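For reference, the structure is listed below as structure tokens.
The values are calculated or read from the model by the stated rules, or taken from the named source; none is laboratory data. Everything numeric in this text was worked out from a predicted model, so none of it was measured. Heads up, the Cβs are rebuilt from the backbone with ideal geometry, glycines too, and the neighbour counts pull from every protein chain shown.
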């Protein structure tokens, strides 16, 4: 791959490198929303780490179809802002 790849192209390449099935679907909007909420509600470094943990939980047996519920559970743990 020469130059900077487009995000979709990059994610397909990463999925292939990681040995994910060809029919793997990544809900980019869901995970980007997760990282945005965590970055603003907790701390920026917690955002990618939280996304990793959701992926780890899904890979450990929860499954791809459970990712939205996992994301909701993570978001529900973020304290309400006073401001």
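Checking residue 68 against (1) farther than 15 Å from residue 31 by Cα; (2) under 13 Å from the mean Cα position of the chain (by Cα): exactly one of these is not met. Which one?
That leaves (1) as the condition not met.
Only residues that are at pLDDT below 90, surrounded by fewer than 12 Cβ atoms within 10 Å (Cβ to Cβ) and in a helix (DSSP H, G or I): list them for segment 61-83, please.
Matches in segment 61-83: 61, 65.
Within segment 38-52, is there a residue that is surrounded by 12 or more Cβ atoms within 10 Å (Cβ to Cβ), in contact (Cβ under 8 Å) with a residue 40 or more places away in the chain and touching a helix residue (DSSP H, G or I) at 6+ places or on another chain (Cβ under 6 Å)?
There is at least one residue in segment 38-52 that is surrounded by 12 or more Cβ atoms within 10 Å (Cβ to Cβ), in contact (Cβ under 8 Å) with a residue 40 or more places away in the chain and touching a helix residue (DSSP H, G or I) at 6+ places or on another chain (Cβ under 6 Å).
Quick one: how many residues across segment 1-13 are exposed (fewer than 12 other Cβ atoms within 10 Å of the Cβ) and either touching a residue at least 40 places away in the same chain (Cβ under 8 Å) or under 26 Å from residue 74 (Cα atoms) (or both)?
Of segment 1-13, the ones exposed (fewer than 12 other Cβ atoms within 10 Å of the Cβ) are 1-4, 6-9.
Of the ones still in play, those that are also either touching a residue at least 40 places away in the same chain (Cβ under 8 Å) or under 26 Å from residue 74 (Cα atoms) (or both) are 7-8.
So the count comes out to 2.
Note down all Cβ pairs under 8 Å where the first residue falls in segment 16-28 and is assigned to a helix (DSSP H, G or I), the second is modelled with pLDDT of 85 or more, and they're at least six residues apart or on different chains.
28/7; 28/11
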